[in-house]
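Have a look at the structure below before the remarks.
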Amino acid sequence: MRVFVSNVDTPIGHNVSRIITRTVVGSRRDSNEDEEEESVEEEEEEEEKVKVEEDDDKKGIYEVIGTLSHPPISQEEKEVKGMIFPAPMVECGDKNKDKQRREAIENYAVTGEKPQWVTEIVDNSDLDELYKVLATCDIIIYDITTCMEEALYIAEKFNKDAESFYEHPKTFIAVSSIMTWARTKVEDENLTEDEYRRRRAHPNFRDLLAAEKNIVKFGKKSSFKTYIIVPGLIYHSGDSIFHYLFKQAWHNAKSLKCFEDGNNVIPTIYLNDLCNIIVDVADNPPDTKVILAVDDSKNTLIEIVKAISESLTTGEVEMIPKENAFLDANMSQDDFNMLQLNLRVDPEKVKEMTFEWKYESGLVENMQSVINEYKNARGLQPLKIAIHGPPYSGKTTLAKKIAEHYQIHYVNANDELKGGIEKLETIVNEYTEGSDGMEEYENAKDTLDEIQEYFKANGKYSEKHIINFVRDKLMSMPCRNQGYVLDELPNTTSLSQELFKSLNDDEENEQYNTLIFPSFIFSLNASDNYIKDKVMLLPEQQVIGTSNTEEEFTKRLEDFKTNNTEENTVLNYFDEFEIHSITLDVENKSIQYLMEKVINEVGKPHNYGPTPEEIAEKRRIEEEEKKKEEELALQEKMKNEKEEEIRLLRERAEWQLKLEEVRKQEQEVLEVQSIPLRNYLMKYVMPTLTSALIDICKIRPEDPIDYLAEYLFKNNPTNN
């Protein structure tokens, strides 16, 4: 049997198509329907239906085709838009947990991607061409909240051509929104499907209500049946109506915001339960045309917000006026309207369906399971890392670098001791007699007195109290959400056992606290000489009054070596539970080199990753830096060109000076060399030449040149 599902890359389309392809045709039909007495006409129709169903049953399965809400998106585009979910499947070894993770990842819809169980993606740019394809399908499922106009057009076309589908009737299922019931008056009892004719929509959803009515009107023929499924607010691991609360809580918001008093009742339904209802209607069409799809819960907004806060963060809820709702950039008008819904409904038809509900009792009752699915689908598993190694081997530097890279929480025993004592002192000092919190005050005072007495008697703090403070930090919601990097494991097995011991008295076989037990242990390896040389290079002001003095440091190093022999090391404790330490040789190694080793072992961060805004900001900064680099390069080029020009001018000037000097010297040489010749000319040539010229002037011969030559020849002094 062929089924069309709109937008198979959205949560509803993705999971409806997944469930229906795994449903045997006819498996959800009522086995007693054949026992009903019918008229002759009805019997003939029923026989025809049975024949069709038998033909379909031979096929056994549903074949799904669908459309996409968005064109396929490249990996680069996903990274730019922050679309890094779902998380890749990484097995942890626990079969039950691995199964849950695999299911959560499989249920997560990815925009622009065709699910593997969908046979074909069809183009919906031309609705007439789309209709031709849909006419070959037996069941058409549309989410009219996302493609209302398309659904109306297709439903109307089927209605017009209904007579041609007599042998192969069509079923049209439209998934709508509870907001089309939002303004319906609730009288003495809760609303049921029977009252759908008096439903009143929220003003922003009147078009959707009109679409519902038209679709119901179109489906009044035996060969074309239409159904409207009206779900409550849908929750799931993806970007559901409550996702912004999950995200804020996972990021350790001090409090979650709730509007006004939050006492409005919100009908809800889990996504997979809704999809099962849709599949049930498709496989076993009911008589009811409008079906309410909500769970049994009657939770108020404040109950939902409180449950999320308690499960993921501090448990605190801040009541804010409605006017402040849009201060959150993630809050859209439609989402705000949905969260203001106040409606009590009792579905009747879904209670008759045979599928197995997952969260029939609602979101609040199943909050921890929903959160686990949310974390599994998005890969938000806490990273728990511990650092082990001798004193001054670089544990703190590496731990802080790891915490920064993976955006997890840095935990240091000394810091937790100091912070724990300050917290106890604050509780004791701020308590006033007769006020609330007397028990907390007494516990804090007793613990503080015990700590101070031990310190006075021994000159140091008790390891028991230090372990308690560190455990409290590891058990805090931030560390349980994002994870931690513990700067230095306890030196002994007994202290590690105390730190990570199971706090669950009901689980006798649980040997450690799974919530805080480390997943990765990095053991730093360095020789004594290397470490001592590093300490020797410390400035004196960083040594005086610290544990890095020669005597103190030597004692610390000896204690570490004593507690970490080959046979007796705290790492053996973790080896028992298959958490094997990863050795890092730190001698003469840079922090970048060590981080590369850590990243290679741990992998990518287990968090939301950068938001689209953060990615855009990063790109802006990169572009600005690139622009600055280009400007600097241009300035450097211009500077070099100018310097080259000045150099050439200087060299040309120097060359001209040198050339003038050479010319001057040549002239002087020529002048010196010409003196004998001038003297000869003055003595032997000039007198005769002068006489000849005077003679010429007097005689004025016809050919002066010839006369001059003849004269010089005759009167040449050398002839005498």
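Each reported figure results from applying straightforward, stated rules to the coordinates on display, with no laboratory input. The structure displayed is predicted, hence computed values, not measured ones. Quick reminder, even Gly has a Cβ in these numbers, built from the backbone with ideal geometry, and neighbours come from all protein chains shown.
Observations, loosely collected:
- Over the chain, the hull volume per residue, using the convex hull of the C-alpha atoms, is 434 Å³.
- Sequentially through region 313-323, phi angles give Karplus couplings (6.51, -1.76, 1.60; θ = phi - 60°) of 9, 7, x, 8, 10, 9, 7, 10, x, 4, 4 Hz, Gly and Pro residues having no value and appearing as x.
- Summarising the amide proton neighbourhood of residue 170: residues at separation of 5 or more, or on other chains, whose placed amide H is nearer than 5 Å comprise 224, 225.
- Computed packing ranks the peptides 261-272, 517-528 as 261-272, 517-528, most packed first, by mean other Cβ atoms within 10 Å.
- Label point distance in nm, residue 679-residue 575, each placed 7 Å from Cα along Cα→Cβ: 11.2
- For the residue pairs 95/604; 401/423; 460/555; 384/460, alpha carbon separations beyond 25 Å are given by 401/423; 384/460.
- For the pair residue 696 and residue 644, the difference between a 0.36 nm per residue extended length and the Cα-Cα distance amounts to 12.3 nm.
- Taken one residue at a time, the phi angles of region 124-141 give Karplus couplings (6.51, -1.76, 1.60, θ = phi - 60°) of 10, 6, 10, 5, 5, 5, 4, 4, 4, 6, 5, 5, 8, 9, 8, 10, 10, 10 Hz. Gly and Pro are set to x.
- Computed extension length for residue 194-residue 454: 86.3 nm, one decimal, from 0.36 nm per residue of separation with the Cα-Cα distance subtracted.
- 10 °C / 1.306 mPa s Stokes-Einstein diffusion coefficient of region 438-569, Kirkwood radius on C-alpha pairs, µm²/s: 88
- Cβ-placed point charges (K, R +1; D, E -1), dipole of the chain about Cα centre in debye, nearest 20: 3980
- P(r) histogram, all alpha-carbon pairs of region 562-613 included - 5 Å bins from 0, percent: 4, 14, 15, 16, 18, 17, 7, 4, 3, 1, 1
- Computed over neighbours whose Cβ is under 14 Å from that of residue 593, the net charge equals -1, Lys and Arg +1, Asp and Glu -1.
- Geometric extent, Cα atoms of region 316-441 - Rg, Dmax (angstrom): 24.0, 69
- For residue 233, the residues whose amide H sits under 5 Å from its own are 268, 269, ignoring neighbours fewer than 5 places away on the same chain, with H placed 1.01 Å from N.
- Our coupling estimate for region 572-580, obtained by passing each phi through the Karplus curve with A = 6.51, B = -1.76, C = 1.60 and θ = phi - 60°, is 4, 4, 6, 4, 4, 10, 6, 9, 8 Hz, Gly and Pro reported as x.
- Cα extents of region 612-719 along the three principal axes, largest first (Å): 112, 33, 18
- Sum of side-chain charges, residue 183 neighbourhood, beta-carbon under 9 Å (Lys, Arg +1; Asp, Glu -1): +3
- For the cross-link pairs 597/626; 400/473; 395/456; 464/534, the ones whose C-alpha atoms lie over 20 Å apart are 597/626; 395/456; 464/534.
- Quotient of C-alpha Rg and 2.2 N^0.38 Å, computed over region 573-645: 2.00
- Cα-only Debye scattering, region 654-694: base-10 log of I(q)/I(0) at q = 0.23, 0.24 Å⁻¹: -0.73, -0.76
- Relative to the Cα centre, the charge distribution of region 382-602, modelled as +1 at Lys and Arg Cβ and -1 at Asp and Glu Cβ, gives a dipole magnitude of about 980 debye.
- The charge dipole of region 612-719, taken about its Cα centre with unit charges on the Cβ of Lys, Arg, Asp and Glu (plus for the first two, minus for the last two), comes to roughly 1020 debye.
- Semi-axis lengths, Å, region 382-602, gyration tensor of Cα atoms, sqrt of 5 times eigenvalues: 31, 23, 17
- In plain terms, the bigger the Kirkwood radius, the slower the diffusion; for region 83-201, with that radius from Cα pairs, at 4 °C and 1.567 mPa s, Stokes-Einstein puts D at 70 µm²/s.
- For the chain, the residue among 405, 417, 110 whose Cα projects farthest onto the positive side of the dipole built from Cβ charges is 405.
- Sum of side-chain charges, residue 19 neighbourhood, beta-carbon under 13 Å (Lys, Arg +1; Asp, Glu -1): -2
- Cβ-based charge dipole, the chain, positive-most Cα from 536, 431, 3: 536
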